[in-house]
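Heads up: the structure comes next, in structure tokens.
The values are calculated or read from the model by the stated rules, or taken from the named source; none is laboratory data. Since this is a predicted model, take the numbers as computed values, not measurements. Cβ atoms come from the backbone with ideal geometry, glycine included; neighbour counts cover every protein chain shown. Side chains are part of the model used for accessible areas, which takes the heavy atoms of the whole protein and leaves out ligands, DNA and RNA. Shrake-Rupley method; radii C 1.70, N 1.55, O 1.52, S 1.80 Å.
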Amino acid sequence: MINNFQNHINSKLSFLKNSKLLLAISGGIDSVVLAHLCHSIGLNIALAHCNFNLRGKESDDDEDFVLQLAEDLDLEVFIESFDTKAYAKDHKLSIQMAARQLRYNWFKTLAEQLQFDYVLTAHHADDNLETFLINFTRGTGLEGLTGIPEVNDVFVRPLLPFSRADIEVYAKARKLKWVEDRSNNSTKYLRNKLRHDVIPILKQINPSLLDGFQKTISHLQGSSDIVDDSIEALFKNGIMKLTPTGFKLQISEIQKFYNPKAYLYRFLNTYGFTEWDDVVNLLQAQSGKWVQSSTHRLIKDRDFLLLSEILEDEHASMTVLETDKKLETPIGTLFFDEADAMLNTDKNTIYIDKSTITFPLTLRKWEDGDVFYPLGMQGKKKKVSKYLKDEKQSLLEKEQTWLLCSENNIVWILGKRADERFKVTEKTKHILKVELK
């Protein structure tokens, strides 16, 4: 196996040979074999172990084993202890999902802080098959059937071409030691049930199951690449356009496709949507209708579907003191400064006659019924809602419209239009410059 592993690194993952690598190790047979293989061919590795404190003394024994392995191989090792049950409860996650989040977040943070180039994990061909079957049974698209990616951001999985049987033969031939996690034998978890009850039967039916599966994955990945190229072409053709809050899809172009639902699924499946009939129905819905997932919202706005992330309003309103020079807002940073004269004026910069305002100022989102006197309109009053409509602001842009107010009067619709009542005149003695960056 070591020769095949070396050949795989040389042909597919040669960038690892000159990289600083962090190897995720549980103490189980898979990660122990990966550590020995990487060490044997001279890769620059350090070990990282998570103690999830879920199995009492066994968890501590695993940690001690990893420490001893690091000493035997003369490798640097990092250990982190987690209160996994508390994290799962606080974040309303299953224990398995909580452990997954904790370890991947820690690995990535550790890599960034200590300048590791990549994090190696010991996923192998059988893990890949299990993941495929899990996604298949739960319902998924093409992206869920292409398997575990060999390289994904900083995470690299060098053992994906090798089976669990390959790993066991290597470990036993070299009389390696490892620890057994007894929870892996429990079939109450779907992955374990597939591993112990389903896949052995499939292998009895077809002893070459893994070889056939690897070919299938390769074909599906090729198909996925074709789809990705098609999506990229849609960006270039303007059907899909990026926006400050997400992206928008041109409805008339989507409707030209033979299967609009398939395209919408490909565009939006990574954003948590599940009710795909409702998503498709937006194409014919009235403007203003929307559907949402746990993280994103899709709105029908005239000729487009607009996607944006659902953000919690941390500040319903904010206060600006006269001494404030800088204020962080949800849409940028406001800067306040005295000015001797009006220089560059644009939609993100206004000049105010300071004597016309009363501190503290208030920054808030616009509301129905708000009115202002647009600068340059000779004292004519206008509803903010009418102004935004005339400016053809989308629903998402309207939602992100903020007002700078003095008492109950609008001084500025941020980034859009100032109010006539606060403009600088020949009689102005003190000018306040306000800039949004």
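Using Cα atoms only, what is the angle between the long axis of helix 209-236 and the major principal axis of the chain, expressed in degrees (0 to 90) to the nearest 10?
Helix 209-236 and the main axis of the chain meet at about 20 degrees.
Of the residues Asp346, Asp197, Asp225, which exhibits the maximal mean-square fluctuation in a Gaussian network model of the chain defined by a 10 Å Cα contact cut-off?
Asp346
Working with all protein chains in place, sort Val280, Val33 by solvent-accessible area computed with a 1.4 Å probe, largest first.
Heavy-atom accessible area, descending, gives Val280, Val33.
Tally Lys and Arg at +1 and Asp and Glu at -1 over the other residues with C-beta under 9 Å from the C-beta of Val179: what net charge comes out?
Here the charged neighbours net out to -4.
Measure nothing fancy, just the Cα-based angle from helix 95-113's long axis to the longest principal axis of the chain, in degrees from 0 to 90, nearest 10.
80 degrees
Given 10 Å bins starting at zero, what is the percent of C-alpha pairs of the stretch 351-437 in each, up to the one with the largest pair distance?
Answer for the stretch 351-437: a P(r) of 17, 52, 27, 4 percent.
State the percent of C-alpha pairs, over all pairs in the chain, separated by a distance greater than 33 angstrom.
For the chain, the fraction of Cα-Cα distances above 33 Å is 55 percent.
If you rank Val384, Val179 by how much accessible surface each has, with a 1.4 Å probe, what is the order from largest down? All intermediate terms of the calculation are to be shown ahead of the outcome.
Values: Val384 0, Val179 30 Å².
Listed by decreasing accessible area, they come as Val179, Val384.
Just how large is the dipole of the stretch 66-214 about the Cα centre, in debye to the nearest 20, putting +1 at every Lys and Arg Cβ and -1 at every Asp and Glu Cβ?
Dipole size: approximately 760 debye.
Largest first and in whole Å, give the semi-axes of the stretch 34-85's equivalent ellipsoid, each being the square root of 5 times a Cα gyration tensor eigenvalue. Let's see the in-between values first.
On the way: eigenvalues 114, 22, 14 Å².
Ellipsoid half-lengths, sorted descending, are 24, 11, 8 Å.
Over the Cα atoms, compute the radius of gyration (one decimal) and Dmax (the largest Cα-Cα distance, rounded to a whole number) for the stretch 153-298, in Å.
Rg then Dmax for the stretch 153-298, in Å: 22.3, 69.
Quick one: if you stick a label point 7 Å off each Cα along the C-beta vector at Asp64 and Tyr189, how many nm between them?
It is 2.3 nm.
To the nearest 10 Å², what's Glu322's accessible area with a 1.4 Å probe?
Counting only protein heavy atoms, the figure is 110 Å².
By the gyration tensor of its Cα atoms, with a ≥ b ≥ c the square roots of the eigenvalues, what is the shape of the stretch 136-199: rounded for a/c under 1.5, prolate for a/b over b/c, or oblate?
oblate
Can you compute the charge dipole magnitude of the chain about its Cα centre, using +1 on each Lys and Arg Cβ and -1 on each Asp and Glu Cβ, nothing else charged? Give it in debye, rounded to the nearest 20.
Here the chain has a charge dipole of around 1380 debye.
If each of Glu391 and Lys365 carries a label point 7 Å out from its Cα toward its Cβ, how far apart are those two points in nm?
Modelled inter-label distance: 1.6 nm.
In deg cm²/dmol, rounded to 500, what helix-only [θ] at 222 nm does the chain give when every DSSP H run of at least 4 residues adds -39500 (n - 2.57) and the total is split over its residues?
-11000 deg cm²/dmol
What figure in square angstrom, to the nearest 10, would you give for the accessible area of Trp276 with a 1.4 Å probe?
40 Å²
For the chain, set up a GNM with springs between Cα atoms under 10 Å and report which of Ala122, Ala24, Ala99 has the largest fluctuation.
Maximum among the listed residues: Ala99.
Roughly what angle does helix 29-40 make with the longest principal axis of the chain, taking Cα atoms, 0 to 90 degrees, to the nearest 10?
Between the helix axis and the principal axis of the chain, the angle is about 90 degrees.
With a 1.4 Å probe and all protein chains kept in place, how much accessible area does Met377 have, in Å² rounded to the nearest 10?
Approximately 60 Å² for this residue.
Set the Förster distance to 56 Å, then compute FRET efficiency between Lys381 and Asn105 from the Cβ-Cβ distance, nearest 0.05.
Using R0 = 56 Å, I get an efficiency of 0.60.
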